1. Kindly evaluate A70 against the criterion of being open to solvent by less than 60 Å² (accessible area, probe 1.4 Å) and in contact with a helix residue (DSSP H, G or I) (Cβ under 7 Å, 6 or more places away or on another chain).
2. Kindly check whether there is at least one residue in the stretch 20-28 that is within 13 Å of ligand 1 (Cβ to nearest atom) and either in contact with a Ser or Thr (Cβ under 7 Å, 6 or more places away or on another chain) or assigned by TED's automatic domain parsing to the domain that holds K89 (or both).
3. Within the stretch 28-48, restricting attention to residues that are within 26 Å of the chain's Cα centre (by Cα) and open to solvent by 10 Å² or more (accessible area, probe 1.4 Å), which residue is farthest from ligand 2 (Cβ to nearest atom)?
4. Those residues that are modelled with pLDDT under 90 and aliphatic (A, V, I, L, M), I need them from the stretch 386-426; list them, please.
5. Being of a type in the set (A, V, I, L, M, F, W, C) and within 12 Å of I143 (Cα to Cα) is the filter here, so list the residues in the stretch 178-188 that pass it.
6. Within the stretch 282-386, considering only helices (runs of 4 or more DSSP H) that don't extend past its boundaries, which have at least 3 residues that are more than 16 Å from ligand 2 (Cβ to nearest atom), open to solvent by less than 20 Å² (accessible area, probe 1.4 Å) and β-branched (V, I, T)?
7. For the list (1) touching a residue at least 24 places away in the same chain (Cβ under 8 Å); (2) under 30 Å from M158 (Cα atoms), I need the number of the one condition that D407 fails.
Amino acid sequence: MQKTLFIGGGGPDYSEPQDLLLKYGNRHGLIAGATGTGKTVTLQILAEGFSDAGVPVILSDIKGDVSGMAVAGDPGGKLHAPFTERAEKIGFVDFRYDSYPVIFWDLFGEQGHPVRTTMSEMGPLLLSRLMGLTDAQEGVLNIAFRVADEEGMPLLDMNDLQALLTWVGQNAADLSLRFGNVGASSVGAIQRSLLVLENQGGTHFFGEPALSLDDLMRTTPDGRGYVNILAADRLINSPRLYATFLLWLLSELFETLPEVGDVDKPKLVFFFDEAHLLFEDAPKALVDKVEQVARLIRSKGVGIYFITQNPDDVPEDILGQLGNRFQHALRAFTARDQKALRRAAETYRPNPRFDTVEAIRDVGVGEAVTSMLQNKGVPGVVERTLIRPPATRLGPCDAATRRAVIDASPVKGKYETVFDRHSAHEMLLARAEAAAQEAQEAEQAEAREAQAAEKDREFKAARRYSGGETESRSSRSRKATSSGGFGKALTDVVLKELKGTTGRRLVRGILGSLFKGR
Ligand SMILES: Nc1ncnc2c1ncn2[C@@H]1O[C@H](COP(=O)(O)OP(=O)(O)OP(=O)(O)O)[C@@H](O)[C@H]1O
Ligand SMILES: [Mg+2]
C-alpha cells in the first residue's frame, strides 16, 4: 500500500524527494504565502496525491481555477516546458498528465450539485454567527429553537425560521415568563438579519434534500478518492456565509464520523482556502470551537489544511496543530511584514544548511519552505522544496467540461429538486388557517346569536304586548355554539376574546394558544 505522497525535491540541488507520510495526513496542514507564489498549485498537487492514495478530498474553489483538476494538463501548452524541466530537476520520473475524478458542488446550484442543509442542522450557534447576532439576539434564537423542538416542528428552510420568529414575537410575553426576557426588538432584529441572509442567497442553502456526508467521501471503482470542488467564487462575496458553511461542514463531519484512532491514511482531507475569513472578527467562543474541532477531528481520520496568505491569520492554538507545512514566499516590505516573517520562521525546526527567515523570503514561485511530520509524529527539519508540477490543468476548466462532469457525476439527480416537507412554516400556517376558520365560525355564530337576540327582543316585545313570559333563547344559543362548532382547542378565555373580533386579527392574537394547545 502507498505510504507516502510525493511533494517535490529538497536538499542542496532539489534532488532529495520530499514526502508527506499518509499516516500523518490527518495531522492537519498549512499552505501559506504571498499572492502568486504557488499556493493553489501546492493545494492541487496535494489533492492529486490524496486522491491517488484513495483519499477523498474537499476543497473550496475561490477563483474558479481549481476546476482544472477535472482535466489533464496539456502537453502542447506553454507550461509544458517549465513543467518537464522542473520534473527532471527533482527526479520526478513518473511525471505525466492526468485528469482526476471530480464532483462539483455549488451552494447556489449553478456550477455544481446544490449543497443544502436544514436550519436545525445548522443550529442556533452557527446561525447566530452567520447573521452576526448579538448575545441577546442569540439568546432569543436559542429559545426559538428550543420551542420548535418541544413542539416537534422541524426547522428546515428560511420560511420555517421566519414563521417561528413571527410566532415568538407574538408570544414574547408568555415565552419571557418561561425562559427569561424575549425582547420584541431582538426578535425584530433577528428577522431583519434573516432577510439579509436571504438576499445573500441563504434561501438556496437552507432546505431539503440536505447534503449527505457520504457523498463527500466517495471513491471511484478503481480506488481513487473523489475531489469535491465547492464553487466559492460567488460565495466568497458573502464571507460570513462562506466561513459558516465550511465550519458547519466541519462540525457535521466531526459529529457524524466514527472514532478511528490511528490510520494508514486519512479518511478525508479538507482544504480550507482563504482561511483568514474563518477567524476574522470571530468571537473567542467560536475560535475555541474551531480549535477544539480541529484537535478532535484528527482521531476521526479527517485532515484539515488551511490556505492563507499569512500564517499570522491563523490563531496560534490552531497553528500549533498544523503538522504539515508548506510555506511559500512571504514579502517583507514593512516592519510588520518582517515581524510576521520572523514569527513564521520561529515555528520551524531549523536546518543547519540555511536560515529559515531568509529562505521564506527568498523561495521562488512554486518553491516552498516545508516541514512534514516524520516518524513518531515529530516535525521534520525545515526544507527548501521545489514543489512538483501538477498532473491536472492549471486554471479553470471550460463550461462544457464542467457540464459534462456534472452530468456524469455519481450524485447526479440526487440534490437537484428541492422538496418542501411539512415543517414549522406549514404547521404554523395550518394552525393559522384553522384559527381563521374557527374565528370565522365564531363570527357567524356571533351574528346568529345577535340575530336571535334581536328576534328574542322582538318576541319579548310582542309578548309584552300580549302580556306573556317565555325563556330567553339567547342563553341556549350560546351554549350550543360553545360546545359545538368551536374547536376543543379554544379555551373559554379565547372564546371571550373572540367576541367582537374580526377573524384576521384574531388569528394573530391566538396563534400562540393554538401552538401551545396542539
Ligand atoms: N509546483 C509548481 N509547478 C509548476 N509551476 C508552478 C508551481 N507552483 C506555481 N507554479 C506557477 O506559478 C503560478 C502561480 O501559482 P499559484 O496560482 O499557485 O499562486 P497562488 O499563491 O495560488 O496565487 P494567488 O494568491 O494569487 O491565488 C502558476 O500558475 C504556475 O505557473
Ligand atoms: Mg491561488
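The values are calculated or read from the model by the stated rules, or taken from the named source; none is laboratory data. No experiment lies behind these values; they were computed from the predicted model shown. Here Cβ is always computed from backbone atoms with ideal geometry, including for glycine, and neighbour counts include all displayed protein chains. In case anyone asks, the SASA skips ligands and DNA or RNA and just uses the protein heavy atoms, side chains included. Shrake-Rupley method; radii C 1.70, N 1.55, O 1.52, S 1.80 Å.
1. yes
2. To start, the set of residues in the stretch 20-28 that are within 13 Å of ligand 1 (Cβ to nearest atom) comprises none.
Among the residues of the stretch 20-28, not one is within 13 Å of ligand 1 (Cβ to nearest atom) and either in contact with a Ser or Thr (Cβ under 7 Å, 6 or more places away or on another chain) or assigned by TED's automatic domain parsing to the domain that holds K89 (or both), which makes the answer no.
3. Once the filter is applied, the top-ranked residue is V41.
4. Within the stretch 386-426, V418, A424 qualify.
5. Scanning the stretch 178-188 gives F179, V182, V187.
6. Helices (runs of 4 or more DSSP H) meeting the threshold: 284-297.
7. D407 satisfies every listed condition except (1).
This table checks each residue for (1) part of a strand (DSSP E or B); (2) open to solvent by less than 40 Å² (accessible area, probe 1.4 Å); (3) farther than 30 Å from Q18 by Cα.
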| position | (1), (2), (3) |
| --- | --- |
| G76 | no, no, no |
| G91 | no, no, no |
| I103 | yes, yes, no |
| E110 | no, no, yes |
| P124 | no, yes, yes |
| R129 | no, yes, yes |
| T166 | no, no, yes |
